[in-house]
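So the structure is just underneath, and the comments pick up after that.
The values are calculated or read from the model by the stated rules, or taken from the named source; none is laboratory data. Predicted model only: the values in this text are computed from it and were never measured. Methodologically, a virtual Cβ is constructed for each residue, glycine included, from the backbone with ideal geometry; neighbour enumeration extends over all protein chains shown.
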Amino acid sequence: MAINKAMRAALKALSYPEIDIRKTYKLERELTNLTSIRLIRPELYRIWNHKVPCQDHEIPIRIFSPSEEIASRPVLIFIHGGGWVTGNIDSYNGVCSDMAHITGCTVASIDYRLAPEHRFPAGLEDCYTAAKEIFRESAQFQVREEDIVLIGDSAGGNLSAAVSLLAKDRGEFMPRRQILIYPAVHNDHSDASPFPSIRENGSGYLLTSKRVCEYMELYQSSPSDLENPYYAPLLAKDLRGQPKTLIVTAEFCPLRDEGEAYGQRLGEAGNEVEIRRMPDALHGYFSLPARFDLVKRTYDIINEFLEG
C-alpha cells in the first residue's frame, strides 16, 4: 500500500526534526529499550549468552537457536542497528528470535560497544573480534566456516560491510556471504550528498538526514575518519574478493541510494550481488514483528539468498 497523505502527515510529525540526538542519545537509548520489548516465545527457539574476550573488556553475544534445527543451515552473525549509538542485544531480542525461527538458522547477536563513549573503531573492532571467534569455533556450532553469514541493519549493515573489508585486509578469516539491510555506507548525508535519496527522503520519513549526520558525528573519533573505508565502506578503493552479498533497501529511506551504489560497486569489482528495493518501506521496518507483510517478504528474500 502506497503512503497516503494522512500517513505522510503522521510520519512528518513523528520525525522530530528539532531534536538533536547528540544531546539526547541517552534518552533515545531508554526509549529504544522500552519500545522494542516483545513477548518471548521459548517454544520457537533457545537462547543462551556467551562472552568473547577482547583486550580490556568482554563482548556479550546472545545466541538464538531454533527449537527444531534444520540440517546444514547457516549461522547468522547479526550486528544490530541504532546509529552506532543506540540498540543492544536486548532491544533486538525480537528481531533475532524471529530470524532464528523464520530462517531455521542459529543467530549470534553481537552487543558491541556504543558511541560516543566508545567511538570509531571501537564498535567495529568488537564486531570483528566476535566474528573471528565464531569462525574459529565453527565446529561448536556444527557448521562449516563457509556457512557463517554476516547480517546487519542500518549501522549494523555498515559494520557488517566493514568487518568483511577488515577480514580481507587482515587475512584471519573471510565471510563467504553477507546481508546488508538498508546499510549506511557513505560519509556525507548532508544536502551536498551525491545521492538523491538523502534529499528526497531526508525529512518526514522517521529517519532524517539530519539525524544520520548527528549519529555519524557521535561515532567518529576525528574528521579523518570521514575518509576511512572502515567508517564508510563505499569509499573503499578495492572491493575485489568481498562476500556474495544481498543488499535490501527501503524506498523511503535516506540511505537507499548509497546502499544500492555499494551493491553496484561490489558487482563491478567482480563479486556476486543481489540488490532488492522494498517498495513503500521506511528505514527501520525490518525491526517490526514478522507478521507485517514487508518483513515477511524480506525474509522470503533472505531465505532464497541463504539457499542459493
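Laid out as a table, the results:
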{"read-out": "Options Y219, Y262; residue that is out of contact with any Phe, Trp or Tyr (no Cβ under 8 Å at 6 or more places or on another chain), hydroxyl-bearing (S, T, Y) and closer than 20 Å to D188 by Cα", "value": "Y262"}
{"read-out": "E274 being in a helix (DSSP H, G or I), touching a helix residue (DSSP H, G or I) at 6+ places or on another chain (Cβ under 7 Å) and over 21 Å from S97 (Cβ atoms)", "value": "no"}
{"read-out": "R170 being modelled with pLDDT of 95 or more, closer than 30 Å to F64 by Cα and surrounded by fewer than 23 Cβ atoms within 10 Å (Cβ to Cβ)", "value": "yes"}
{"read-out": "Output for the stretch 129-146, where each listed residue is without any contact (Cβ under 8 Å) to a residue 60 or more places away in the chain and either farther than 17 Å from R177 by Cβ or polar (S, T, N, Q) (or both)", "value": "R136, E137, A139, Q140, Q142"}
{"read-out": "Some residue of the stretch 182-194 being assigned to a loop (DSSP other than H, G, I, E, B), on the phi > 0 side of the Ramachandran plot and touching a Lys or Arg at 6+ places or on another chain (Cβ under 8 Å)", "value": "yes"}
{"read-out": "Matching residues, the stretch 95-121, being buried (at least 19 other Cβ atoms within 10 Å of the Cβ), over 14 Å from the mean Cα position of the chain (by Cα) and part of a helix (DSSP H, G or I)", "value": "S97, D98, A100, H101, T103"}
{"read-out": "Evaluation of L234 against (1) out of contact with any helix residue (DSSP H, G or I) (no Cβ under 6 Å at 6 or more places or on another chain); (2) not in a loop (DSSP other than H, G, I, E, B) (one fails), failing number", "value": "(1)"}
{"read-out": "Cross-chain or 6+ apart pairs with Cβ under 7 Å, the stretch 147-159 first and at pLDDT 95 or above, then of a type in the set (V, I, T) and in a helix (DSSP H, G or I)", "value": "I148/I134; L150/V163"}
{"read-out": "Residues of the stretch 195-254 that turn out to be touching a strand residue (DSSP E or B) at 6+ places or on another chain (Cβ under 7 Å), surrounded by fewer than 22 Cβ atoms within 10 Å (Cβ to Cβ) and farther than 17 Å from G81 by Cβ, as a count", "value": "2"}
{"read-out": "Failed item in (1) in a strand (DSSP E or B); (2) surrounded by fewer than 22 Cβ atoms within 10 Å (Cβ to Cβ); (3) at pLDDT 95 or above, with R297 passing the rest", "value": "(1)"}
{"read-out": "Test: residue in the stretch 239-254 that is in a helix (DSSP H, G or I) and more than 21 Å from E125 (Cβ to Cβ)", "value": "no"}
{"read-out": "Residue ID - nearest to the chain's Cα centre (by Cα), chosen from residues in the stretch 156-194 that are farther than 20 Å from R240 by Cα and among the polar types (S, T, N, Q)", "value": "N187"}
{"read-out": "All positions within the stretch 146-180 that are of a type in the set (A, V, I, L, M, F, W, C) and closer than 18 Å to E307 by Cα", "value": "I148, V149, L150, I151, I179, L180"}
{"read-out": "Among (1) more than 25 Å from R199 (Cβ to Cβ); (2) modelled with pLDDT of 95 or more; (3) not in a helix (DSSP H, G or I), the one test that R291 misses", "value": "(2)"}
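To keep it simple, each residue is scored yes or no on (1) in contact with a helix residue (DSSP H, G or I) (Cβ under 7 Å, 6 or more places away or on another chain); (2) crowded, with 18+ Cβ neighbours inside 10 Å; (3) among the acidic types (D, E); (4) in a helix (DSSP H, G or I).
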| position | (1), (2), (3), (4) |
| --- | --- |
| G82 | yes, yes, no, no |
| E146 | no, no, yes, yes |
| L150 | yes, yes, no, no |
| L166 | yes, yes, no, yes |
